[in-house]
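The values are calculated or read from the model by the stated rules, or taken from the named source; none is laboratory data. These figures come from a predicted structure and were not determined experimentally. As a convention, Cβ positions derive from the backbone with ideal geometry for all residues, glycine included, and neighbour counts pool all protein chains shown. Heavy atoms of the whole protein, side chains included, go into the accessibility calculation; ligands, DNA and RNA do not. Shrake-Rupley method; radii C 1.70, N 1.55, O 1.52, S 1.80 Å.
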Amino acid sequence: MPLLPDRPLLAVASTTLLIAVAFVLRLIADPVLPPGFPFVTFFPAVILASALFGSRMGVLASVVCGLLAWYCFIGDRYSFDLGWSGIVAMAFYTAVVTTDVAIIHWMQRANRKLAHERELSRTLAGTRQLLFHELQHRVSNNLQVAAGLISLQKRQVRDEDARAALDEAARRLGLIGRISRQLYDAGGSARRMRDFLEPLCNDVIEASGRPGISCNVIVDDDALLSADAAIPLALIVAEAMANAIEHGFAGRDHGVIDVELSRDGGSQVRIEIRDDGHGLPEGFDIDASDSLGLRIARTLAGQLDGSFELVRGTGATARLLIPA
């Protein structure tokens, strides 16, 4: 509303039709109406003209309807002569239609302003989303570049332990870079863990260069993952899978890793990473291990107010418990 803002002639014709209908109805009702109701059908015409076609058509309808009522139904019929009662009636009519047209005009102006604000908000939201994704893309690319630089620097290092440490650092940075685009959205809303774990596990397998290793994600009772917990959880699961690939499947070209998500009671979520590899060595103690990856996993689990442990079995099982 209003209708036909860019077609003034059609708006005038429609307003004229409303006035004509109101006039005909007033003529039809005239024999049964008691004295004192000259404007009874004209008020709706003015209101409809203002609401449908804007305040200009409302003013036009007000003037024409007022003249018709004055000439045909006030004082002497078919005359513009006015007595005192006619002056009062016309003053009343003028006050009412002026109020009606003004209120409708203010409502339409407020509606236009609201529509403009909504469109502006929609545009800003789209721009915000675009900038957010661009920022994600650049951060991910920068992490990938940093991982590449570390890999290049490794070529200048002769010590095998240092080379292995640089390899691990490059792998972790590369992993964060690959998964960072899918971890968050612009609103920072939580997401389902299954939707998060499946692409993460595929990324880890792909990064390992071991196509014979497969990963199954098993979800019994899904849970929401907050944006703040996404990176620590991703690194823990990635470290456990990398450990299984490197040690559990050493000397093997194939293997199966199961990543299972379940509820441990009502207050904790259990994530287990199981492999069918060689298993843990005899006498293994995670507290005494000097593995940087395991230390990182336990530290990150503590940041999530959870716990991380390795359990002996047919293969090896890495178990993460975090608050639901």
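Considering the conditions (1) under 23 Å from ARG171 (Cβ atoms); (2) part of a helix (DSSP H, G or I); (3) open to solvent by 50 Å² or more (accessible area, probe 1.4 Å), ASP228 is excluded by exactly one of them, (1). Taking strands (runs of 3 or more DSSP E) as the structural unit, those lying wholly within the stretch 246-322 and holding at least 1 residues that are open to solvent by 80 Å² or more (accessible area, probe 1.4 Å) correspond to 255-263, 307-312.
Out of ASP276, ASP221, ASP305, report the one residue that is over 36 Å from the mean Cα position of the chain (by Cα) and among the charged types (D, E, K, R). After applying the criteria, what remains is ASP276. Here LEU33 passes the criteria (1) in a loop (DSSP other than H, G, I, E, B); (2) without any contact (Cβ under 8 Å) to a residue 40 or more places away in the chain; (3) open to solvent by 60 Å² or more (accessible area, probe 1.4 Å) except the one numbered (3).
Yes/no per residue for (1) open to solvent by less than 90 Å² (accessible area, probe 1.4 Å); (2) in a helix (DSSP H, G or I); (3) farther than 21 Å from ILE47 by Cα:
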| position | (1), (2), (3) |
| --- | --- |
| TRP106 | no, yes, no |
| LEU130 | no, yes, yes |
| ASN142 | no, yes, yes |
| ALA147 | yes, yes, yes |
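So is TYR93 over 22 Å from HIS105 (Cα atoms), in a helix (DSSP H, G or I) and of a type in the set (Ser, Thr, Tyr) or not? No; evaluated as a whole, the condition is false for this residue. Would you mention how many residues in the stretch 197-224 are at pLDDT below 80 and farther than 16 Å from GLU272 by Cα? Qualifying residue count for the region: 4.
Of the residues LEU68, LEU60, LEU82, LEU124, the single one that is out of contact with any strand residue (DSSP E or B) (no Cβ under 8 Å at 6 or more places or on another chain), surrounded by 14 or more Cβ atoms within 10 Å (Cβ to Cβ) and farther than 28 Å from ALA13 by Cβ is LEU82.
Scanning the stretch 252-308 for residues that are under 21 Å from MET193 (Cα atoms) and basic (Lys, Arg) yields ARG263, ARG270, ARG274, ARG298.
Which residue out of LEU52, LEU9, LEU18, LEU60 is closer than 30 Å to HIS116 by Cβ, in contact with a Pro (Cβ under 8 Å, 6 or more places away or on another chain) and either of a type outside the set (A, V, I, L, M) or not in a loop (DSSP other than H, G, I, E, B) (or both)? Quick ask: steps written out before the conclusion?
Numbers: LEU9 fails: in contact with a Pro (Cβ under 8 Å, 6 or more places away or on another chain); LEU18 fails: in contact with a Pro (Cβ under 8 Å, 6 or more places away or on another chain); LEU60 fails: in contact with a Pro (Cβ under 8 Å, 6 or more places away or on another chain).
Being closer than 30 Å to HIS116 by Cβ, in contact with a Pro (Cβ under 8 Å, 6 or more places away or on another chain) and either of a type outside the set (A, V, I, L, M) or not in a loop (DSSP other than H, G, I, E, B) (or both) holds for just one of LEU52, LEU9, LEU18, LEU60, which is LEU52.
Among the residues of the stretch 73-95, those identified as farther than 30 Å from PRO5 by Cβ and in contact (Cβ under 8 Å) with a residue 24 or more places away in the chain are PHE73, ILE74, ALA89, MET90.
Pairs linking a residue in the stretch 196-223 that is in a loop (DSSP other than H, G, I, E, B) and of a type in the set (A, V, I, L, M, F, W, C) to a residue that is at pLDDT 80 or above and open to solvent by less than 30 Å² (accessible area, probe 1.4 Å), with Cβ atoms under 6 Å and 6 or more positions apart or on different chains, are ALA223/VAL269. For the stretch 85-95, a residue qualifies if it is among the aliphatic types (A, V, I, L, M) and open to solvent by 40 Å² or more (accessible area, probe 1.4 Å), and the qualifying residues are ILE87, VAL88, ALA91, ALA95.
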